[in-house]
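Q: I have a structure I would like to understand better, so I am pasting it below and will then ask my questions one at a time.
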Amino acid sequence: MATITQTDGSNASASPLRRAAKEPLNVPAELQARLDRSGLRRTLATRAVLDLFLSHPHGMFSHAQAQTALAARGLAVNRVTLYRLLDRLASCGVLQRHPDAAARSWRFGLAEPVPDAAAADVVPRFECDACHRQWHLSAANAPTHAVAGELLRTLAGLGHQGQRVDLSIHGTCAACVLPSPLPSPAGGRAG
């Protein structure tokens with residue numbers, strides 16, 4: 001059984017936070033369908049994690065960051081429960097799991113609702129290595145699908161069964177790029 005308490009130590013079942021978490025979340029229809037197909041129970045922890053990711057649609061959280069963010073909202077979710085929940089939400093397609101090579105951990109972000117099943121194969125994305133926000137590059141879908149299809153056909157020709165192609169471009173987003181200060185001449189002001 002999951003242990004969920006408020007950060008002040010009181011039981012979450014008697015708190016207004018529990019009542020608020022039971023209110024329907026504004027879950028996009030495609031993500032709701034994925035949840036329904038998975039049969040995942042809508043526990044307090046599930047609703048709290050969903051709310052966290054829905055309120056930060058471009059955010060990417062490590063397990064520790066998700067736990068800290070939930071604690072800041074007044075919920076202390078057992079760390080093992082959170083690990084399992086993040087994995088379950090990723091396996092049913094509600095969250096996407098991406099490796100963070102620098103931190104040697106996983107980062108989770110809200111999966112993009114894709115109404116067209118064919119478009120679900122590849123959605124190229126850009127991830128900022130500084131803030132870990134992601135942007136889906138939907139304008140690149142057509143050429144990306146052609147490349148992904150060719151890669152999957154190449155694998156099939158070798159006897160492998162490719163399931164999906166993940167394409168991510170890493171760099172620094174415009175918000176994180178700071179203009180480099182101009183060196184000031186000796187005794188003068190920078191221009």
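Q: Here is a list: S55, S91. Which entry is in contact with a helix residue (DSSP H, G or I) (Cβ under 9 Å, 6 or more places away or on another chain), polar (S, T, N, Q) and loosely packed, with under 14 Cβ neighbours inside 10 Å? Can you show your working first?
A: Details: S55 fails: in contact with a helix residue (DSSP H, G or I) (Cβ under 9 Å, 6 or more places away or on another chain).
Testing whether each residue is in contact with a helix residue (DSSP H, G or I) (Cβ under 9 Å, 6 or more places away or on another chain), polar (S, T, N, Q) and loosely packed, with under 14 Cβ neighbours inside 10 Å leaves just S91.
The rows are residues; the columns are (1) modelled with pLDDT of 80 or more; (2) within 20 Å of the chain's Cα centre (by Cα); (3) of a type in the set (K, R).
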position	(1), (2), (3)
D100	no, yes, no
F108	yes, yes, no
A118	no, no, no
V123	no, yes, no
W135	no, yes, no
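Q: Show the residue pairs that are 6+ apart or on different chains and have beta-carbon atoms under 7 Å apart, the first residue being within the stretch 33-48 and under 19 Å from V80 (Cβ atoms), the second being assigned to a helix (DSSP H, G or I) and at pLDDT 85 or above.
A: Partner pairs satisfying both residue conditions: L40/T46; L40/R88; A45/T81; A45/L85; T46/L85; A48/L70.
Q: Listed residues V77, V94; which is within 15 Å of the chain's Cα centre (by Cα) and either acidic (D, E) or at pLDDT below 90 (or both)?
A: On the way: V77 fails: within 15 Å of the chain's Cα centre (by Cα).
Being within 15 Å of the chain's Cα centre (by Cα) and either acidic (D, E) or at pLDDT below 90 (or both) holds for just one of V77, V94, which is V94.
Q: Ok, one more. Give all pairs with beta carbons closer than 7 Å in which a residue from the stretch 124-152 that is without any contact (Cβ under 8 Å) to a residue 40 or more places away in the chain meets a residue that is assigned to a strand (DSSP E or B) and surrounded by 13 or more Cβ atoms within 10 Å (Cβ to Cβ); count only pairs at least 6 apart in sequence or on separate chains.
A: Every condition considered, the pairs that remain are H136/R125; L137/R125; L137/F126.
The values are calculated or read from the model by the stated rules, or taken from the named source; none is laboratory data. Source: prediction; values computed, not measured. Neighbour counts are summed over all protein chains in view; Cβ atoms, including those assigned to glycine, are modelled from backbone coordinates with ideal geometry.
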